[in-house]
Amino acid sequence: MAHDALKVAVLISGRGSNLQALLDACADPAYPARIVRVISNVAGAFGLERARAAGVETQVIRHKEYDSREAFDAALDQAIRASGADVVCLAGFMRLLTPGFTAAWQGRLVNIHPSLLPSFKGLHTHQRALEAGVKLHGCTVHLVTPDLDGGPILAQAAVPVLPGDDEDSLAARVLEQEHRLYPLALRLLAEGRVRVENGVARIAGLADSGVRLLNPGP
Ligand code: GRF
């Protein structure tokens with residue numbers, strides 16, 4: 001591991017396709033981050049197999065074995081610190097974290113959410129986007145604060161909502177972009193380019209990509 005690479009713990013609950021995208025990015029020696037541990041609150045999560053296949057240490061911490069959210073989060077905190085991680089990435093981690101935990105990891109706790117925040121916070125984002133009739137949908141990588149899905153936005157990707165879309169087709173289109181976006185956003189953090197001012201993330205050295213997305217097109 002490059003001695004200056006950012007050390008990352010990834011928290012998962014399920015299939016771990018975003019974890020896979022991060023593992024793949026970290027396999028490039030030029031990428032500025034390394035995953036040091038993957039922690040799941042679900043023993044059978046497929047993401048654990050992905051981590052093992054990549055040679056990354058895994059750990060299961062079952063929330064059901066703890067009396068309170070605080071006790072579970074304290075166990076998480078201890079495990080993450082023991083791993084030596086500088087940053088925590090949530091990747092389909094289906095537990096709400098306590099304000100104490102989010103405060104302890106403020107600025108170093110990242111999440112990916114399947115909507116263009118601040119629209120569609122919470123669950124069932126694709127179905128709600130379809131019901132609202134939005135023409136652009138997408139995903140967001142953001143820093144986590146006690147405000148659910150409300151922390152500073154690091155990066156977003158937009159996709160069109162197409163005629164005939166259902167929840168599954170829209171989710172698949174968004175997921176493809178999630179896998180591009182999460183490694184990109186983590187890189188910004190690892191390169192030390194993120195500064196938060198009044199709840200807004202300012203990213204140093206960004207150029208205009210020139211990409212403009214109209215749906216329906218002109
Ligand atoms: C993703 O859609 C992510 O945005 C959301 O949960 C899903 C996790 O999928 N937070 P995966 O486990 O990474 O495949």
Requested in this report: Those residues that are of a type in the set (Phe, Trp, Tyr) and within 16 Å of the ligand (Cβ to nearest atom), I need them from segment 57-93; list them, please.
Outcome: Phe93
**Report entry** Per-region count, segment 171-192, residues without any contact (Cβ under 8 Å) to a residue 40 or more places away in the chain, under 24 Å from Trp105 (Cα atoms) and open to solvent by less than 60 Å² (accessible area, probe 1.4 Å)
**Finding:** 1
Query raised in the report: List pairs: first in segment 144-164 and over 19 Å from Glu176 (Cα atoms) and open to solvent by 80 Å² or more (accessible area, probe 1.4 Å), second at pLDDT 95 or above and not in a loop (DSSP other than H, G, I, E, B), Cβ under 6 Å, 6+ apart or cross-chain?
Result: Pro146/Pro99; Pro146/Thr102
Query raised in the report: How about segment 32-45: which of its residues are within 16 Å of the ligand (Cβ to nearest atom), in contact with a strand residue (DSSP E or B) (Cβ under 8 Å, 6 or more places away or on another chain) and of a type outside the set (Ser, Thr, Tyr)?
Result: Ile35, Val38, Ile39, Asn41, Val42, Ala43, Ala45
Query - Those residues of segment 1-31 which are assigned to a loop (DSSP other than H, G, I, E, B), more than 12 Å from the ligand (Cβ to nearest atom) and open to solvent by 30 Å² or more (accessible area, probe 1.4 Å), in sequence order - result: Met1, Ala2, His3, Asp4, Ala27, Asp28, Pro29, Ala30
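The values are calculated or read from the model by the stated rules, or taken from the named source; none is laboratory data. Every value quoted in this text rests on a predicted model; they were computed, and no experiment measured them. Every residue, glycine among them, receives a Cβ derived from its backbone with ideal geometry; neighbour counts consider all protein chains shown. With ligands, DNA and RNA removed, areas are computed over all heavy atoms of the protein, side chains included. Shrake-Rupley method; radii C 1.70, N 1.55, O 1.52, S 1.80 Å.
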